[in-house]
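Visitor: Got a structure for you, questions after.
The values are calculated or read from the model by the stated rules, or taken from the named source; none is laboratory data. Quantities reported herein were computed from a predicted structural model and do not represent experimental measurements. Because the Cβ atoms are built from the backbone with ideal geometry, glycine has one as well, and the counts that use them run over all protein chains shown. Areas reflect the complete protein model, heavy atoms only, side chains present, ligands, DNA and RNA absent. Shrake-Rupley method; radii C 1.70, N 1.55, O 1.52, S 1.80 Å.
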Amino acid sequence: MELWQAFVQMVHTLIPWLDGTVANILIILIKAIVLVMPLMLVVAYFTYAERKVIGYMQLRIGPNRVGPKGWLQPIADALKLMTKEIIFPTKANIYLFLLAPVLAITPAIAVWAVIPFDEGIYVTNLDISLLYVLAIGSIGVYGIILAGWASNSKYPLLGALRSASLLVSYEIVIGFALVTVVMIAGSVNLNTIVQAQQGGIAHWYFIPLFPMMIIFFISALVETNRAPFDVVEGESEIVGGTHIEYSGMTFAVFFLAEYANMILMATLAVVMFFGGWHSPFEGIPYLQAVFAWVPGIIWLLAKTSFFMFLYLWVRATFPRFRYDQIMHLSWKVFLPITIIWIFVVALMTQFQLAPWF
Amino acid sequence: MIKKLSKLVKSFTLSELRTGLKITAKELVNKKITVQFPEERTPISPRFRGLHALRRYPNGEERCIACKLCEAVCPANAITIESEMRDDGTRRTTMYDIDLFKCIFCGFCEEACPVDAIVETQIFDYAFESRQGSIMTKKRLLEVGSENTQVINQTKFEDAKYK
Ligand code: SF4
Ligand code: SF4
């Protein structure tokens, strides 16, 4: 944090002729770049990790040819996708066809603006940041629907229809699950929510909200079209779903958006249920002092990586759900549970159940 | 009733899902069984039927006597032979082509040959860059044979006692 303030100071002193507004815009731009560049790198290496982990779980080795131990594989993949031709289907609406990937990636990156990485480290601090995340996050579905529609081909359309109905149902479940967090924290500001979880593992929200945490994670799998809920692109039934007609960079952009969303959901799970940047050793006399030097962002990243690993683990383990069963799960199982839990949480709040309230 | 209840408890504690996750977690750390192909190879039986080769006698004379038994037996009609009398009065092939696209690698040609001229080697990782490349001409067959004389003799010897 001190580092950041020093940096802001430096910008102001180095370019004194810039007045306040312009300098602020510049600083926000730099913040955005500092956020997006590592994000893209993480996405690239997340794909590598995915292939490795799933390979290992299937007793294979995974990519190991490009560079030492395959470390350059994502770079090679990116280069390949960039140099490939972008093919437009003859009867596709080209403008919508090109707008779709843009609509998919913009919200996936924009959402990161309000995620708090550490005490005071964020691009912007909105008072309604949770609502912002939910609102912007659901715009991403337009990208997929548009892709299905603009391709003017049957399987993408089927994929888009599936995606639309799935996202609508699970948006509700996620909304309700997060309402419980808001009820406990008493705020829709992500910063405040994390601050409210200060004071060691016992204060993190996953304890009173354990079922909500599970439901949130499973719904996040659906929201990001991940196995075992990836019916939107279900290769065995509708070939590649909405992605069929996309090639080269347009496909890569969809891919980036999907993975950025996955990482976002993992981060959100940490922020909402696992104390965000707080160290798990807070409040433990000896260990707290030993780990005091670790910056909060490291804790956040460590916890997030665990959830990202969980994504891969789940993908390697479970077969794909049937479409109607996913719907059944949402409306007949998750929704009732979340609503019941909202009442439970209301009671807990009423009777001041320590140490969360 | 009890059964229903236990099923309910089971599904709400995700017990079956956890069993699955446990198995994949165990495999994550298990030893991997991948064979790194170009560097490592799996063992091959001496009877393996791969790319064809024409053999020669130790004195350099080619074995094939153009009897056309292999051409006749080939179920895929992959072999084409033309023959002629050589100056020393023996019958030899002037053309001996095997179309690898037609060949089904059944090994009948090898079985039919009275002088063990045509054989199938253990080579399986070959490739060609044009459609003509699929035709193994007499020249190429003889080359494969002379390049791999040692291996061919060895494998044929190993397999001989089972024939
Ligand atoms: S292996 Fe079988 S198919 Fe191939 S050339 Fe010999 S006889 Fe014909
Ligand atoms: S390869 Fe053998 S079977 Fe075929 S023509 Fe020559 S001698 Fe006869």
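Visitor: Considering (1) in a helix (DSSP H, G or I); (2) over 23 Å from A:Ile54 (Cα atoms), say which one A:Ala260 fails and leave the rest.
Guide: A:Ala260 satisfies all of (1) in a helix (DSSP H, G or I); (2) over 23 Å from A:Ile54 (Cα atoms) except (2).
Visitor: Scan the range A:254-286 for residues that are among the β-branched types (Val, Ile, Thr) and under 28 Å from A:Thr47 (Cβ atoms) and jot them down.
Guide: A:Ile263, A:Thr267, A:Val270, A:Val271
Visitor: Which ones in the range A:310-332 are surrounded by 15 or more Cβ atoms within 10 Å (Cβ to Cβ) and at the interface with another protein chain (Cβ under 10 Å from one of its Cβ atoms)?
Guide: A:Leu310, A:Leu312, A:Trp313, A:Val314, A:Arg315, A:Ala316, A:Thr317, A:Phe318 - these are the residues of the range A:310-332 that are surrounded by 15 or more Cβ atoms within 10 Å (Cβ to Cβ) and at the interface with another protein chain (Cβ under 10 Å from one of its Cβ atoms).
Visitor: While we're here: Residue under question is A:Leu178, and the condition is that it be under 19 Å from A:Met262 (Cα atoms) and open to solvent by less than 30 Å² (accessible area, probe 1.4 Å); does it hold?
Guide: Against the criterion (under 19 Å from A:Met262 (Cα atoms) and open to solvent by less than 30 Å² (accessible area, probe 1.4 Å)), A:Leu178 qualifies.
Visitor: Which of the following residues is within 14 Å of another protein chain (Cβ to nearest Cβ) and away from ligand 2 (no atom under 15 Å from the Cβ): B:Lys102, B:Lys32?
Guide: B:Lys32
Visitor: Which pairs have Cβ atoms under 8 Å, sit 6 or more apart or on different chains, and link a residue in the range B:25-45 that is under 16 Å from A:Ala316 (Cα atoms) to one that is part of a loop (DSSP other than H, G, I, E, B) and open to solvent by 60 Å² or more (accessible area, probe 1.4 Å)?
Guide: Partner pairs satisfying both residue conditions: B:Glu27/A:Gln58; B:Lys32/A:Arg60.
Visitor: Looking at this structure, is B:Pro43 under 17 Å from the mean Cα position of the chain (by Cα) and within 14 Å of chain A (Cβ to nearest Cβ)?
Guide: No, not satisfied.
Visitor: Here are some conditions: (1) closer than 19 Å to B:Pro46 by Cβ; (2) within 11 Å of ligand 2 (Cβ to nearest atom); (3) open to solvent by 20 Å² or more (accessible area, probe 1.4 Å). B:Thr149 meets all but one. Which one does it not meet?
Guide: Here B:Thr149 clears every test but (2).
Visitor: Can you tell me which residue is farthest from ligand 2 (Cβ to nearest atom) among those in the range B:116-138 that are part of a loop (DSSP other than H, G, I, E, B) and open to solvent by less than 30 Å² (accessible area, probe 1.4 Å)?
Guide: Top of the filtered list is B:Thr121.
Visitor: Looking at the structure I just gave you, is A:Lys80 among the charged types (D, E, K, R), touching a helix residue (DSSP H, G or I) at 6+ places or on another chain (Cβ under 8 Å) and modelled with pLDDT of 85 or more?
Guide: Here the answer is no, as A:Lys80 does not meet what is asked.
Visitor: Taking the criterion of being in contact (Cβ under 8 Å) with a residue 12 or more places away in the chain, surrounded by 15 or more Cβ atoms within 10 Å (Cβ to Cβ) and either within 14 Å of chain A (Cβ to nearest Cβ) or under 18 Å from the mean Cα position of the chain (by Cα) (or both), would at least one residue in the range B:6-21 satisfy it?
Guide: Within the range B:6-21, none of the residues are in contact (Cβ under 8 Å) with a residue 12 or more places away in the chain, surrounded by 15 or more Cβ atoms within 10 Å (Cβ to Cβ) and either within 14 Å of chain A (Cβ to nearest Cβ) or under 18 Å from the mean Cα position of the chain (by Cα) (or both).
Visitor: Checking the condition under 19 Å from B:Gly60 (Cα atoms) and in contact (Cβ under 8 Å) with a residue 24 or more places away in the chain, which residue from B:Ile118, B:Ile123, B:Ile104, B:Ile98 passes?
Guide: One residue alone meets the criteria, B:Ile118.
Visitor: Report, by residue number, each residue of the range B:87-115 that is within 14 Å of ligand 1 (Cβ to nearest atom), open to solvent by 40 Å² or more (accessible area, probe 1.4 Å) and touching a strand residue (DSSP E or B) at 6+ places or on another chain (Cβ under 8 Å).
Guide: B:Phe105
Visitor: Spot the failing condition for B:Val73; the list is (1) farther than 20 Å from B:Gln122 by Cα; (2) in contact with a Cys (Cβ under 7 Å, 6 or more places away or on another chain); (3) within 14 Å of ligand 2 (Cβ to nearest atom); (4) open to solvent by 70 Å² or more (accessible area, probe 1.4 Å), and only one is missed.
Guide: (4)
Visitor: Taking B:Glu84 as meeting all but one of (1) part of a loop (DSSP other than H, G, I, E, B); (2) away from ligand 1 (no atom under 14 Å from the Cβ); (3) open to solvent by 90 Å² or more (accessible area, probe 1.4 Å), write down the number of the exception.
Guide: All conditions are met except number (1).
Visitor: Looking at (1) touching an Asp or Glu at 6+ places or on another chain (Cβ under 7 Å); (2) within 16 Å of ligand 1 (Cβ to nearest atom); (3) open to solvent by 80 Å² or more (accessible area, probe 1.4 Å), which is the one condition that is false for B:Gly50?
Guide: Of the numbered conditions (1) touching an Asp or Glu at 6+ places or on another chain (Cβ under 7 Å); (2) within 16 Å of ligand 1 (Cβ to nearest atom); (3) open to solvent by 80 Å² or more (accessible area, probe 1.4 Å), the odd one out for B:Gly50 is (3).
Visitor: Any residue at all in the range B:23-46 that's in a strand (DSSP E or B) and either within 16 Å of ligand 1 (Cβ to nearest atom) or not β-branched (Val, Ile, Thr) (or both)?
Guide: No, the range B:23-46 has no match at all.
Visitor: Name the residues in the range A:325-357 that are of a type outside the set (A, V, I, L, M, F, W, C) and at pLDDT 85 or above, would you?
Guide: Of everything in the range A:325-357, those that are of a type outside the set (A, V, I, L, M, F, W, C) and at pLDDT 85 or above turn out to be A:Gln325, A:His328, A:Ser330, A:Lys332, A:Pro336, A:Thr338.
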